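Let me begin by presenting the structure, written as structure tokens, before commenting on it.
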Amino acid sequence: RRSSDLKVLVTGGLGFIGSHTVVELQNEGYEVIVVDNLSNTSLDVLDGIQNITGKVPAFEKLDLREKEKVQDFFKRHHDISGVIHFAASKAVGESVEKPLLYYENNISALVYVLQELQQKPEANFIFSSSCTVYGQAEKMPITENAPVQQPMSPYGNTKKIGEEIIIDVAKVTNINAILLRYFNPIGSHRSAEIGELPIGVPQNLVPFITQTGFGLRKELSVYGDDYPTPDGTAVRDYIHVVDLAKAHVIALQRLLNKKNTTKVETFNLGTGTGSSVLEVIHTFEKVSGKKLPYKIVGRREGDITSAYANTDKANNVLGWKAKSTLEEAMASAWKWEQKIRG
Ligand code: WQD
């Protein structure tokens, strides 16, 4: 099916991963419509997207918790071939403090969108999930068959519950879905026109590093160096956000071309390589030429020791492989930091 006559809805499409996915969809010739409630982003991201692709996606401000508004939206847009669902709150720490905000936002938004999709003759749904559903997996690298454990945070639990809702709904409707379990998304588009918008004090490692590198933060606190890892600091699988975005387009095409073998398929999206906090710091220093001030402090509540993906299924079944190195990803993150502070 030619992408040019297909319309794709991207919820949360002005967010960090959403905006990068909109760019890749437009690059593939899809017509994109974005909904976002702008709670964690800004309309400037539309300009960033246009500066990259030359095309402004259609946009409607919409809070998916408002059921009637969601129904109205789908009444006015009945020609949507696929939905990529990013819209959710995603700050792990905040989810511990305000669980009901997360359960209301992340679950009801998903339910209201699925209620509209189940009425369509065909529906293709890509869900933004997270490796956090594995908790601390027993075996590294982590495969899709690793047991889903009680995630460490309400945020992670909303991803686990979201997956379960989709599986139950797909069983009895015409909805086909792909669950994409992200490892640690970092970096920004090479143009530095879009990236991770810094709102408040960054919880994630890489934006905190680049802000420290720029002199906005005094020093980085490394949360523990007493983990059972080569250098004592925790290990994660840092994946370039553009690689991640491309995987969403490939997953959507798989459903549009009816290549999926089951109603719901799950893929881990990572590089397959684990990097420690100290390795990320040293990589930043290498690409920026700056010394990063940091201090070792106690472990952060809820953190796991190690997580990195077994990428065989994504490589061989989905036909996708991450291309960017940690160095390239860190360089793009640093370029973005300098651009927005310039
Ligand atoms: C990475 C490593 C920290 C900050 C979470 C969510 C996951 C996804 C990505 C949303 C850890 C260490 C961090 C700092 C540090 N989020 N760190 N000092 O916790 O692996 O994953 O964010 O979709 O779902 O679970 O990412 O970037 O917070 O931490 O030492 O100031 O860096 O301890 O080892 P995390 P992170």
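Taken together, the values in this text are just the output of simple stated rules run on the coordinates, not laboratory data. Just so it is clear, the structure is predicted and the values come from calculations on it, not from any experiment.
Observations on the structure shown:
- Computed over region 215-340, the convex hull of the alpha-carbon atoms projects to a mean area of 9.7 nm².
- Rg/Rh (Cα only; Kirkwood hydrodynamic radius) as it applies to region 160-290: 1.06
- Nearby aspartates and glutamates by direct alpha-carbon distance to Lys69 (threshold 17 angstrom, same-chain neighbours under 8 apart not counted): Asp36, Glu60, Glu104, Glu116
- DSSP bridge orientation in the chain - percent antiparallel, rounded to nearest 5: 5 percent
- Taken over region 210-332, lysine pairs spaced eight or more positions apart, or on distinct chains, with alpha carbons under 21 Å apart number 18.
- Region 1-148 has equivalent-ellipsoid semi-axes of 26, 19, 18 Å, by the square roots of 5 times the alpha carbon gyration tensor eigenvalues, sorted largest first.
- Taking θ as phi - 60° and the Karplus parameters 6.51, -1.76 and 1.60, the scalar couplings of region 283-290 work out to 5, 4, 4, 5, 7, 9, x, 10 Hz in sequence order, x denoting glycine and proline.
- Debye equation applied to the C-alpha atoms of region 231-270, log10 I(q)/I(0) at 0.24, 0.30 Å⁻¹: -0.85, -1.05
- The Cα atoms of region 23-95 give a gyration tensor whose axes a ≥ b ≥ c have a/c of 1.5 or more with a/b no greater than b/c, which makes the shape oblate.
- Considering only Cα atoms, the convex hull volume of region 179-224 works out to 119 Å³ per residue.
- Evaluated at q = 0.12, 0.22 Å⁻¹: base-10 log I(q)/I(0), Debye formula over Cα of region 54-141: -0.49, -1.16
- Under a 5 Å amide H cut-off, with hydrogens placed 1.01 Å from N, Thr266 pairs with Leu179 among residues at least 5 apart or on other chains.
- All Cα pairs of region 146-220, percent lying beyond 14 Å: 74 percent
- Relative to the globular-protein estimate of 2.2 N^0.38 Å, the Cα radius of gyration of the chain stands at 0.95.
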